[in-house]
Amino acid sequence: MGIFGRKKREARAIEGVPQSDPRLLDLFGIVSPSASGITVTNDNALGVPAVWAAVQFLSGTLAGLPLHVYKTSKGERVRVKTGIASLLSGAVNDGMSSFEWRKYGFERLFTGGRFVSYIERNKAGRIVNIYPIDPSTLTVVSKGGRKTYEVKGSGQRKAIVYDSTEVIDLPFMLKADGVGHYGPIATSKDVIGLAIASMRYGADVFKNGGVPPLSLQGPFQSGVGAQRAADDVAKAIATAKEEGRKVLAMPAGHELKQIGFKANEMQLVELQRFIIEQIARIYSIPPIFLQDLTNGTFSNSEQQDLHFVKHTIKRWVEQAEQEMNLKLFGRNSKMFVKFNVDGLLRGDFKTRMEAHAASIQNGIRTPNEVRDLENLPSMDEGGQLMIQGATVPISVQSDPKNGE
């Protein structure tokens with residue numbers, strides 16, 4: 001039986017992908033040490049507030065978008081509300097809602113770099129469940145131009161093989177071989193490592209009462225005496241911190257000298273701001289969405305909001321839609337899924353009402369379509385397109401010279 005209760009074939013070997021392949025390390029979230037000396041993993045990277053904010057913001061926004069299913073009939077788009085539509089808008093399996101499934105998948109995408117899910121079909125070929133797959137249990141194999149997905153969970157002796165038509169696969173960025181992928185955290189390990197190192201340095205300084213590393217100089221007779229004196233000074237500093245004293249007594253002939261730089265001399269605050277900007281670049285997010293309003297104003301914040309929808313959300317929405325359409329319905333199907341991003345562009349009430357009025361008056365939307373967007377019930381005769389009576393062809397306008 002497969003991982004999700006379906007009988008599958010077992011994988012005998014991973015052809016063409018040796019166990020030492022770097023792609024396997026990427027999948028397990030293992031990243032080599034960064035330039036700062038910090039070993040970055042998916043878990044400790046989330047300890048950086050800007051990374052945490054970016055992952056949560058993107059995954060939550062995409063998971064919260066309404067996901068609808070449509071069918072093309074006689075050249076028109078008709079909304080489908082049963083079958084796969086109820087699955088994608090309600091619960092994808094017995095224990096997971098659509099929102100939870102998408103949020104989990106996008107969280108994996110924006111950390112390790114891959115959103116993978118298994119599509120379970122019954123004997124009639126109808127989709128009955130969708131299950132998320134932990135990318136760390138997955139190996140993607142390409143043979144003859146066709147991908148297969150080998151999943152091996154904990155406690156399993158052999159991997160289970162799934163065909164590409166059974167798997168929804170959203171990579172952050174594919175490598176040149178079309179199989180492996182680049183994850184944002186692994187690829188940007190140096191920036192994230194710098195962020196972790198700066199946070200640790202600041203924490204160590206404050207842990208030490210705000211005292212930077214010091215050098216103790218004095219008439220020491222031996223190495224043991226120097227170590228004992230250094231221990232005494234460290235205890236004295238800790239005691240002064242606890243008691244709130246500002247003065248530290250030093251024995252005659254001894255002197256403390258600072259080693260390295262103070263936090264303000266290292267421009268630690270400026271470094272933290274720069275790191276936020278770098279992480280915003282990694283995820284293509286305007287800094288205001290990472291709670292950095294250093295350069296934010298009322299006007300440019302609104303423009304950054306539009307930039308986010310047009311250039312960040314649009315890219316992920318289109319990739320998700322096309323992958324789901326291919327894997328859920330197959331090629332050349334008349335059915336397709338569509339994310340509704342109108343809610344992200346709704347704006348304030350006045351602007352929204354003006355946009356609705358313009359769409360009705362120009363025959364773009366019916367009154368009932370607008371009422372549906374505002375979560376209002378439909379009205380009788382509200383399903384017809386309308387247009388202002390004064391908007392007519394120039395050729396039928398009355399001629400004032402003839403008194404018409």
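Is it the case that some residue within the stretch 187-206 is farther than 25 Å from Asn42 by Cα and without any contact (Cβ under 8 Å) to a residue 40 or more places away in the chain? Looking for residues that are farther than 25 Å from Asn42 by Cα and without any contact (Cβ under 8 Å) to a residue 40 or more places away in the chain, one finds at least one in the stretch 187-206, hence yes. A single member of Val233, Val205, Val211 is modelled with pLDDT under 70 and in a helix (DSSP H, G or I), and it is Val205.
Suppose we filter the stretch 35-58 for residues that are assigned to a loop (DSSP other than H, G, I, E, B) and either crowded, with 16+ Cβ neighbours inside 10 Å or among the hydrophobic types (A, V, I, L, M, F, W, C) (or both); how many remain?
Filtering the stretch 35-58 for residues assigned to a loop (DSSP other than H, G, I, E, B) gives 35-38, 46-48.
Those left that are additionally either crowded, with 16+ Cβ neighbours inside 10 Å or among the hydrophobic types (A, V, I, L, M, F, W, C) (or both): 35-36, 38, 46, 48.
Total satisfying the criteria: 5.
Of all residues in the stretch 98-139, those being over 20 Å from Leu62 (Cα atoms) and either outside the structural domain of Lys175 (by TED's automatic domain parsing) or not in a strand (DSSP E or B) (or both) number 7.
From the list Ser97, Ser34, Ser89, exactly one residue is among the polar types (S, T, N, Q), touching a helix residue (DSSP H, G or I) at 6+ places or on another chain (Cβ under 7 Å) and modelled with pLDDT of 90 or more. Which is it?
Numbers: Ser97 fails: touching a helix residue (DSSP H, G or I) at 6+ places or on another chain (Cβ under 7 Å); Ser34 fails: modelled with pLDDT of 90 or more.
Checking each option against the conditions leaves just Ser89.
Mind listing whichever residues of the stretch 171-185 are buried (at least 20 other Cβ atoms within 10 Å of the Cβ) and in contact with a Gly (Cβ under 9 Å, 6 or more places away or on another chain)? Within the stretch 171-185, Pro171, Phe172, His181, Gly183, Pro184, Ile185 qualify. Looking across the stretch 298-331 at every residue that is out of contact with any helix residue (DSSP H, G or I) (no Cβ under 8 Å at 6 or more places or on another chain) and either farther than 25 Å from Phe115 by Cβ or of a type in the set (Val, Ile, Thr) (or both), the one that is modelled with the lowest pLDDT is identified as Phe298.
The values are calculated or read from the model by the stated rules, or taken from the named source; none is laboratory data. For clarity, every value in this text was computed on a predicted model and none was experimentally measured. Note that each Cβ is placed from the backbone with ideal geometry, even for glycine, and that neighbours are counted across all protein chains shown.
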